[in-house]
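Bear in mind that the values in this text are calculations on the coordinates, not laboratory data. Small disclaimer: the values here were computed from a predicted structure and weren't measured. Don't worry about glycine lacking a Cβ; one is built from the backbone with ideal geometry, like all the others, and counts go over all protein chains shown.
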Amino acid sequence: MHDNNLPLSNFIRDIILKDHVSGKYGGRVRTRFPPEPNGYLHVGHAKSIVLNFGLAKEFRGECNLRFDDTNPIKEETEYVQSIIEDIKWLGGDFGDRIFYASDYFSQLYLWAIELINKDKAYVCDLSSDQVRETRGTPTQPGHDSPFRDRSVEENLGLFERMKNGEFPDGARTLRAKIDMRSPNLNLRDPVIYRILHAEHHRTGNQWCIYPMYDWAHGESDSIEGITHSICTLEFEDHRPLYDWFLEQLGIFHPQQIEFDRLNLTYTVLSKRKLLRLVEQGIVEGWDDPRMPTISGMRRRGYSPEGLRNFARSLGVSKTNGITEFEKLEYYIREDLNKAAKRVMAVLRPLKLVLTNYPEGQVEFVEAINNPEDASAGTRPLPFSRELWIEQEDFLDVPPKGYHRLYPGNEVRLRYGYIIKCQNVVKDPATGEILEIQCTYDPDTRSGQRTRKVKATIHWVSAVHAIPVEVRLYDKLFTTENPNNVPGDGDFTMYLNPKSLEVVQARAEASLASARPCDRYQFERLGYFCADRCSAAGRLVFNRTVELRDTWAKLQKKI
RNA sequence: UGGGAGGUCGUCUAAUGGUAAGACUGCAGACUCUGGAUCUGCGUAUCGGGGUUCGAGUCCCUGCCUCCCAGCCA
């Protein structure tokens, strides 16, 4: 078993380690996690959070939380709240260092004026269509805007009037004066301010010009004294621009480093697509347990530790790959196995009667709460004549290798007795199995040295069991890469119609005290988590992940 | 066909000129009062072709393939 707390080596850590020992930035390490509050965080962000906060912690530095809130049209306070909650839940420690790019709007404005004064920026009257037309293409150079050579004074005046709200949206922009013939499209006089008469979630109507990402991001990093600005691969082309702005201004210059974003099989991880799932009502909301969002996974029952271990196991590189969903499930199970209390619950109940067990008699058997943790202790379980067992644990005609109950066969009732199937009661009209009649062997009570049988099945006492609703979740998509759609198709064509099944189950009575978010293992079935809507009178559990099931796997192969 | 970045077991990641390693998956087995967990075993993977070198996944040349970039999104 590997040690999950060991710092894993990766190329970014190598760079930081080198800078740390060489004394660059005074040996100081400061990273940042810069989400845009335009959606909920997902498992891909978890990778970035673990990386950024982990690196800061390892080198005794800090990681700031900074909201990249430069686009008032898409951003909302609800997202800010959810992001803060999700990072905390995951264990990211930002202390009181919650910042907003919008905190720096005034400074950014002043710096823009500085750029104009240095003849490195100009006000352009071209429409967005015209800008696109003059930008050129990847293979053809662009050409200069007719407004490129305005005087500093004119630019200053126009820019101030832009700020003062004298022009409608889109009428003008402030652009950096770099090189319209650059092979890097980002350097072809990129827009740095646009006019947007929109209310901002924090600055309200104070501004009607808003900085673009490229202009705001590096400068925000600089203001906060970020040493290593870690972002995803698609920003590689932006690094020259990131550097250019900093150089023009002559301010503190953080280092941008790009790494590969997480892709997961059977999953979409783009905020645009996730937003669609929410808005079209395909899922219940951002925290639907089928969503790859952090809040969805939390509601599903994933533990922060499990998610962190998964994120750490990912590694960091510049290769564009797709991680198998099974790897995520492995780390979730690994953590839950250690921590989750075991209970018995029957998802699809089938009546079982012990014909030789006295009517009305109840005895208590001792059940182990967690075989992985002796300190979790034991609990008494009521045992009686009539029980519920799992429908799939009985088969009238068993296939080869099936060890569970069938006519004439013996199995052990977990923590109870060995029983033998004597009779099957069926509906004469439909052939539906109504009841299984068995005899129990009084000499085989759990805890004694008795003979062995091939299978142990779970059960609950019919009179003692409580009804619970269980939501069985499955993958949201039926294909490994839902992003890869043929022709003019849409990723929703791969939606799994069976991603949610609700069953009315019977559970041991101890589950009555389950509080929302409590995690359990339902023995032989999987890990389950009390939903946030679960209450004493109406218990609801979400299936987090199934147990590994080698029998089911064998069946599939046939 | 411009620029940028990549190509190592099925998947993800290591190896920083010196025995190609680990995790996940898969398969086989042991153990088991969870067909869980645990344990054991199983790996012809360096994109191709040249070159440098005693020695190349690593360095050089060349070809091929993949991803990203033409928002007043981030």
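In table form, for the structure just shown:
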read-out	value
Rounded to the nearest 20 debye, dipole of segment A:422-558 from Cβ charges on Lys, Arg, Asp, Glu	640 debye
Full-extension gain in nm, A:H197 to A:E359, via 0.36 nm per residue minus C-alpha separation	50.6 nm
Whole-Å distance, taken between Cα centres, linking segment A:68-85 and segment A:115-155	31 Å
About the Cα centre, charge dipole magnitude for segment A:345-458 (Lys/Arg +1, Asp/Glu -1 at Cβ), debye	400 debye
Hits among lysines - C-alpha to C-alpha of A:K351 under 26 Å, sequence gap 8 or more where chains match	A:K341, A:K400, A:K420, A:K426, A:K452, A:K454
Nonlocal amide H pairs with A:A455, under 5 Å, H built at 1.01 Å	A:R412
Mean projected area (nm²) of the alpha-carbon convex hull when segment A:207-247 is viewed from all directions	3.5 nm²
Compactness of chain A - radius of gyration and Dmax, Cα, Å	30.5, 101
Mean-position separation - Cα centroids, segment A:486-507 and segment A:171-207, in angstrom	41 Å
A:K118-A:E166 FRET efficiency (beta carbon distance; Förster radius 35 Å; 0.05 resolution)	0.90
Estimated distance in nm for a label pair at A:I282 and A:T450, the labels positioned 7 Å out from Cα along Cα-to-Cβ	5.1 nm
Calculated FRET efficiency for the pair A:Q555/A:S128, C-beta based, R₀ 41 Å, to 0.05	0.10
Listed residues A:L158, A:S313, A:I251: farthest to the positive end of the dipole of chain A (Cβ charges)	A:S313
Cβ charges +1 (Lys, Arg) and -1 (Asp, Glu), total dipole of chain A, debye	1840 debye
Radius of gyration and maximum dimension Dmax of segment A:82-153, Cα, Å	19.8, 53
Label-point separation in nm, A:T232 to A:I98, each point 7 Å along Cα→Cβ	2.4 nm
Amide H contacts of A:D288 (H built 1.01 Å from N, under 5 Å, at least 5 apart or other chain)	none
Shape box of segment A:345-458 [Cα atoms, principal axes, largest first, Å]	51, 35, 27
Contour minus Cα-Cα distance for A:V152 and A:Q422 (0.36 nm per residue)	87.5 nm
Quotient of Cα Rg and 2.2 N^0.38 Å for segment A:414-536, N being how many residues it contains	1.52
Residue (of A:P497, A:T439, A:S534) at the positive-pole extreme of segment A:421-558, dipole from beta-carbon charges	A:T439
In degrees, nearest ten, helix A:213-223 long axis to first principal axis of chain A (Cα)	90 degrees
Length-normalised contact order for chain A - Cα pairs under 8 Å, 6+ apart - percent	12 percent
Cα-based Kirkwood hydrodynamic radius, segment A:11-259, one decimal, Å	19.1 Å
Theoretical gain in end-to-end length, A:D179 to A:K498 [0.36 nm per residue, Cα-Cα removed]	109.5 nm
Inter-part distance where segment A:412-432 and segment A:5-61 are each reduced to a Cα centre, Å	58 Å
Segment A:285-405: Cα Rg divided by the 2.2 N^0.38 Å rule of thumb	1.51
Rough spin-label spacing in nm, given labels placed 7 Å along Cα→Cβ, for A:S270 and A:R515	4.2 nm
Among A:260-269, A:542-551, A:33-42, the order from most to least packed when residues are scored by Cβ within 10 Å on average	A:33-42, A:260-269, A:542-551
Kirkwood Rh and Cα Rg combined as Rg/Rh, segment A:297-346	1.08
For segment A:547-555, 3J(HN,Hα) per residue [Karplus equation, 6.51 cos²θ - 1.76 cosθ + 1.60, θ = phi - 60°, Hz, x = Gly/Pro]	6, 4, 10, 6, 5, 4, 5, 4, 4
Degrees separating the helix A:105-117 axis from the principal Cα axis of chain A, which is the longest one	30 degrees
Whole-Hz couplings from phi, Karplus 6.51/-1.76/1.60, listed for segment A:63-73; x for Gly and Pro	10, 8, 9, 10, 7, 8, 9, 9, 10, x, 6
Using distinct alpha-carbon pairs, which all enter the 1/r mean, Kirkwood radius of segment A:189-281 in Å	15.8 Å
Under 5 Å, built H, 5+ apart or other chain: amide partners of A:V365	A:L381, A:F383
3J(HN,Hα) from dihedral phi, segment A:419-435, Karplus parametrisation 6.51/-1.76/1.60, rounded to Hz, x for glycine, proline	10, 10, 6, 9, 7, 10, 9, 10, 6, x, 7, 9, x, 5, 6, 9, 7
Sum of -39500 (n - 2.57) over DSSP H runs of 4+, divided by residues of chain A (222 nm, nearest 500)	-8000 deg cm²/dmol
